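Peer 1: First the structure, which I've put down as structure tokens, then a few questions once you've had a look.
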Amino acid sequence: RESRRCGDITARLLDFSRGERGQHISTDITELVHEVLSMVRHLGRFSDRSIEFECTSSVTAEVIPSQIKQVILNLVANALHATEAGGQVTIRLVEQVDNVVLSVSDNGCGMDPETLQHVFDPFFTSREQGQGTGLGLSITHRIVEDHGGTVTPVSAGAGLGSTFQVRLPRRCRSARAA
């Protein structure tokens, strides 16, 4: 079991270093969020937490769908892990003129200033040993930057919850350069 875990970590490291090649296509980000939520709602270990998605319309952007789905999954999974029984995760999706803004907030353990400073560093994790690899947020950061966007962590401190805000351009860079 441990060797499989090491193999999975190695595979994710290789994927991280290579980056996935894919086609930017007009994608309904709202639908990607719904797909992720349908996956995580079936995980029994998080059934004692609530997830709210605040978006009632279709929000589109030119993205590589599988990569943005990975970003959403990483952020939602981290938010769920940061909360305890009875915790709340809120996802907001807003369409702006040139950007799409996705935020994932939780009322969980929050982050101190040092954690905020290192949260995107590969292998940095605040979870117990063996509970995480510290790759999810660094992969998220790389994917968002590769899309020409930004991801910003915000927390008022330990015990005060966290928010990760992802800002993606609605059109991919190559389309804007033409």
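The values are calculated or read from the model by the stated rules, or taken from the named source; none is laboratory data. Nothing here was measured: the structure is a model prediction, and the numbers come from that model. Counting neighbours? That spans all protein chains shown, and the Cβs are built from the backbone with ideal geometry, glycine included. To get the accessible areas, we keep the full protein, side chains included, count just its heavy atoms, and leave off ligands, DNA and RNA. Shrake-Rupley method; radii C 1.70, N 1.55, O 1.52, S 1.80 Å.
Peer 1: Using +1 at the Cβ of each Lys and Arg and -1 at the Cβ of each Asp and Glu in the chain, identify which of GLY7, GLY161, HIS81 lies farthest towards the dipole's positive end.
Peer 2: Of the listed residues, the answer is GLY7.
Peer 1: Follow-up. Over the chain, what percent of the accessible surface lies on carbon and sulfur atoms, probe 1.4 Å?
Peer 2: Working: 4870 of 9900 Å².
After summing per-atom areas, the C and S share lands at 49 percent.
Peer 1: Would you indicate which of (i) 33, 17, 13; (ii) 25, 20, 16; (iii) 30, 19, 14 is the value of semi-axes √(5λ) of the Cα gyration tensor in Å derived from the coordinates of this structure?
Peer 2: Matching entry in (i) 33, 17, 13; (ii) 25, 20, 16; (iii) 30, 19, 14: (ii).
Peer 1: Let me ask something else about it. Show me the trypsin sites (Lys or Arg not before Pro) within the range 21-57 that DSSP assigns to loop and that have at most 15 other Cβ atoms within 10 Å of their Cβ.
Peer 2: On the way: sites: ARG21, ARG41, ARG45, ARG49; in loops: ARG21, ARG41, ARG49.
Qualifying residues, ordered by number: ARG21, ARG41.
Peer 1: Could you pull out the longest piece of the chain with no exposed loop GluC sites (Glu not before Pro) in it, calling a site exposed if DSSP puts it outside H, G, I, E, B and it has at most 13 other Cβ atoms within 10 Å? The partial results should precede the final answer.
Peer 2: Details: sites that count: GLU20, GLU84, GLU128.
For GluC sites (Glu not before Pro) (loop position, at most 13 other Cβ atoms within 10 Å), the longest site-free span of the chain is 21-83.
Peer 1: Once you charge only the Cβ atoms, +1 for Lys and Arg and -1 for Asp and Glu, what is the size of the charge dipole of the chain about its Cα centre, to the nearest 20 debye? Don't skip to the answer; put the middle values down first.
Peer 2: On the way: 18 positive and 21 negative charges, 93 e Å.
In total the dipole reaches around 440 debye.
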